[in-house]
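The structure appears right after this line, and notes come after that.
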Amino acid sequence: MAKTQNKLKSIAESSFEETKVDDGVLVLTHKNDTAGVQSLTREINSEFIQFHFCVKGSSEFVFNGGAYRLNIFAENSLLLYNPKRDLPINLEINPNSWMVSILISIKNFHGLFSQEADYITFLSDDNKGKKYYKDGVISPSMAIVLNQLINFNLNLSIKSLYFKGKAYELLSLYFNRSEDANIEQCPFLVDETNVIKIRKAKDIIVAEMAEPPTLQELADEIGLSLKKLKEGFKQIYGDTVFSFLFDYKMEVARKLLEAGNDNVNEVGLKVGYSTSSHFIAAFKKKYGTTPKKYVMSLG
């Protein structure tokens, strides 16, 4: 069945560029600069924590023979860890997309934080047997390191050393982000079904950002109580549903303005503001400048 689907989608087999930087630490990079989807697979046992970063474009993780799919978009990261079962990588990389992954054994990872193990909540005694899932946004400082990794063009003799430094720098930046200063073990993570529902809620509000459903409508649509939707969303995404949506809409608006194909009114309408004055006020609240001045600053 999987072969038939692959044939229909014309997915080409490819492979990661793999660099071992330490015992139990690997850096995987891949650039799909083609016009087709590329499929990458790699066996990984349950001893490893996986950090995945989408530098450009988008990709899709395929689990359980295609029964569950997980998107990762540009400038986003995904942390996966399940001590009870292997999580092999089965990744479909879309055209013009770049990915960087760091795989590190739990033993090595714990060693990095041995003096402050409690700081990383999923390493605490209470959580050692639990699976862990977290998606997040790539910060500008992380983006610089990721681009250095994926565009490496120095002498090959220093590649392993260079990648080792950059891999640990990236992990340091990942756990130093202010929004993650106190990483919480999300109680919803124990129940994978709830994680899927919360992600579905995020996908719905993103798809319908111009006319989003109410919180109650959203809760009904994903099959969770209003309380669980609010708590779960905050714990997985670190923000309320509508605060997350506001930030997303402003980011879309900023990119539309940069593209230059729409005027300020049209951009406002596309992200759900019926009047330009409301859009201008929202944009200024987020970025400290008006859309018009922002476009002028692009030169």
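The values are calculated or read from the model by the stated rules, or taken from the named source; none is laboratory data. What you see is a predicted model; the values in this text were computed from it and never measured. Because the Cβ atoms are built from the backbone with ideal geometry, glycine has one as well, and the counts that use them run over all protein chains shown.
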Neighbours by Cβ (under 6 Å, 6+ apart or cross-chain): first from region 43-59, over 17 Å from L70 (Cβ atoms); second of a type in the set (K, R) and not in a strand (DSSP E or B): S46/R85
Where in region 170-269 are there helices (runs of 4 or more DSSP H), lying fully within it, with 1 or more residues that are under 22 Å from A281 (Cβ atoms) and at pLDDT below 90? 241-259
Sort through K255, K270, K197, K286 and tell me the only one that's under 29 Å from L79 (Cα atoms), of a type outside the set (A, V, I, L, M, F, W, C) and buried (at least 16 other Cβ atoms within 10 Å of the Cβ). K197
Checking the structure you have, find out if any residue of region 115-133 is surrounded by 14 or more Cβ atoms within 10 Å (Cβ to Cβ) and at pLDDT 90 or above. no
Can you find a residue in region 277-289 that is out of contact with any His (no Cβ under 7 Å at 6 or more places or on another chain) and either in a loop (DSSP other than H, G, I, E, B) or touching a residue at least 60 places away in the same chain (Cβ under 8 Å) (or both)? yes
